[in-house]
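Bear in mind that the values in this text are calculations on the coordinates, not laboratory data. Nothing here was measured: the structure is a model prediction, and the numbers come from that model. Quick reminder, even Gly has a Cβ in these numbers, built from the backbone with ideal geometry, and neighbours come from all protein chains shown.
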Amino acid sequence: MMKKALTLIWLCVFFAFNSPAQLRYLPMEHYFKDRSFVFHSPGDLVVAARRPYRVPSFFPVLENEYYTTSQIDTNSQRSSWFGRKVFDEHFFQYQNNEYFITIDPILNLSLGRDLNDTENKNFFQNTRGVRVTGGIGDYFGFYSTIIENQARFVDYQSDQIKLRGDYGPNSAGNIVRRNGFVSGASRTKSFKGDAFDYAFVTGGMILKPLKDFTISVGNSPLFVGAGYRSLFLSDNSSVAPHLRVSWRMSPMWSTEVVYAQHLNMIRSAISNPGTESLFDRKGFALTYLTFQPNQKIQISLFEGGTWSRGTANELKRVDRLFFNPFPLINPLILGMRNQRSNMVLGLQGVWSVWNWMHIYTQIAIDDFEIIQPALQLGARFSEPFKISNLHALVEFNHVPETFYSHNNKRLTYTHNNMLLGHPMGAGLQEILGRLNYEYKRFGLSISGNLIFTSYNPQTKIYGTPVLVVQYYPSTPNENAIIAVGQVDFLYRFNRKNNLQIFASALYRQARSTSHLNETLFFNIGIRTPLFNQYFDF
């Protein structure tokens, strides 16, 4: 095993010293993601590598394939070091013909109030971290991010975090829920009673030995789709160690294959003082095959599944079919919900009506016997009518009540108790819209969601959250509607690390027959968002 690892490292270094360009992933935050959809003419030397232009639908994407100078770069004319670092450059950057390295601080220092909070609490976010990227030539790159957080979220967000907590036996042998999980981040610990303390690390290496073949090893977030939500694989859950292989076989055909290790946040044994018993492991594998007959049409076949690895006390090898990279074979052999795995099979289509307008859809099933498909339909507008820095999106999502679930709760379509698909889970219909515009660094972001779902007055849970420990309430569900709207005003100092000051207002109303919850939250601060968090449900 050690010889294989040393051989891989040697190959990375060997290939890396043969070209002067940069190889790294763009951050996943929506500011960067939106700009990867902007079409530029084939004459643009910065994006000449696109053959032909391909609407991005598997994230993160490589910077040298979707990076556009006009979108993110600025030609600094500032003479002072301070001015360049605040407005135009990475905090530390160095590049020559052989290698490059960048270092940026990460922060989110914000304070807010919920006008409907009867306790008049101060809600805050205190995030500190650092992001490092680098590479040698255009064959090898690496990235690393370390983030530490303390935060007090508004009540409905805290409830969502606690709902995704870890489970384990207490001293009496009863299964209880502890802690929580923050969307797009990690497991929490208690902080000041009603706040959360959490930290997470991302990192990895990218190897590109051939022009159209890329291998990456790490734990960066992943997202499959051209929309805001994904019914296949979202970055809602926390990061997971994985191997990703990307191969553009021809101008028309490409494929993505991912093998990952996921966790169920449930312990099989009582933790001893000073130590913690292990969580259950499971495998995750996906294949994503894309056919693009021309620059207007893109059709993709998705297959993703969680695979049993036993329990923490009785760990077993994953099934050999886990490593099969060809779609459709595993569901046809095993079925979709079987004792070894739980699969989601889907089709995605993208139609580029114009260069600035993309209509997209996802259709997914998770059972051959009872076919109740999940559906997504949306339209994305990227700088329509040549209006620079204007981005808009409208989208509809439908997820049936039993989607993502499994009779064996250890095989639910989750990682760290967080949904891999739609962040709310199942049993919902959603209409959402987003609008973002920036003019001379001043930005405006408007978003809204309307969700038709259910609410149980006994468990106080909306929809079907798909948990590894299932609740069986004695009271029936009620019809419910959730409406969420948010407006952000910001000034973006730096487009490379997304440094910005902001003021935001969020309104949320969740209503059922017997329950009404309202949030009116105002928030101000300074931040460098690089990852997405989903609390808009």
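Worth a mention:
- Cβ crowding within 10 Å, taken as a proxy for footprinting-reagent exposure, orders TYR167, TYR413 from fewest neighbours to most as TYR167, TYR413.
- Order by protection proxy (mean Cβ within 10 Å, highest first), peptides 310-321, 154-165: 154-165, 310-321
- Cβ-Cβ FRET estimate between TYR472 and ILE359, R0 fixed at 45 Å, reported to 0.05: 0.65
- Relative contact order (percent, whole number), the stretch 268-411, Cα cutoff 8 Å, 6+ residue spacing: 18 percent
- Computed over the stretch 392-537: relative contact order in percent, which uses C-alpha pairs under 8 Å that are six or more apart: 19 percent
- Straight Cα distances below 21 angstrom link LYS85 to the lysines LYS440, LYS496, with same-chain residues fewer than 8 positions distant left out.
- Proximal lysines relative to LYS189, as straight alpha-carbon distance under 16 Å, when same-chain residues fewer than 8 apart are discounted: LYS162
- Residues VAL132 and SER79, FRET efficiency given R0 of 25 Å [Cβ-Cβ distance, rounded to 0.05]: 0.40
- Per-pair calculated FRET efficiency, R0 = 25 Å: HIS515 and ASP194 via Cβ, rounded to 0.05: 0.75
- Note on LYS282: lysines with a C-alpha under 18 Å away, same-chain residues under 8 apart excluded, are LYS316, LYS409.
- Relative contact order [Cα under 8 Å, 6+ residues apart], the stretch 2-527, whole percent: 12 percent
- Largest-first principal axis extents, alpha carbons of the stretch 2-527, Å: 65, 55, 52
- Cβ-placed point charges (K, R +1; D, E -1), dipole of the stretch 2-527 about Cα centre in debye, nearest 20: 820 debye
- Its DSSP H runs of at least 4 residues, each contributing -39,500 (n - 2.57), put the calculated 222 nm mean residue ellipticity of the chain at -2500 deg cm²/dmol, to the nearest 500.
- Each residue in TRP354, TRP81 was given a count of other beta-carbon atoms within 10 angstrom of its own, and listing them fewest first yields TRP81, TRP354.
- Fully extended contour minus Cα-Cα distance, from ASN96 to LEU210, at 0.36 nm per residue: 38.8 nm
- Stretchable slack from ILE501 to PHE385, in nm (0.36 nm times residue separation minus alpha-carbon distance): 38.9 nm
- Contour excess over end-to-end distance, with Cα ends at LEU375 and ASN479 and 0.36 nm allotted per residue: 35.4 nm
- Legend: ranking of residues TRP356, TRP253 from fewest to most surrounding C-beta atoms inside 10 Å; resulting order TRP253, TRP356.
- Taking label points 7 Å from Cα along the Cα-to-Cβ direction, GLU148 and GLN261 give a separation of 2.6 nm.
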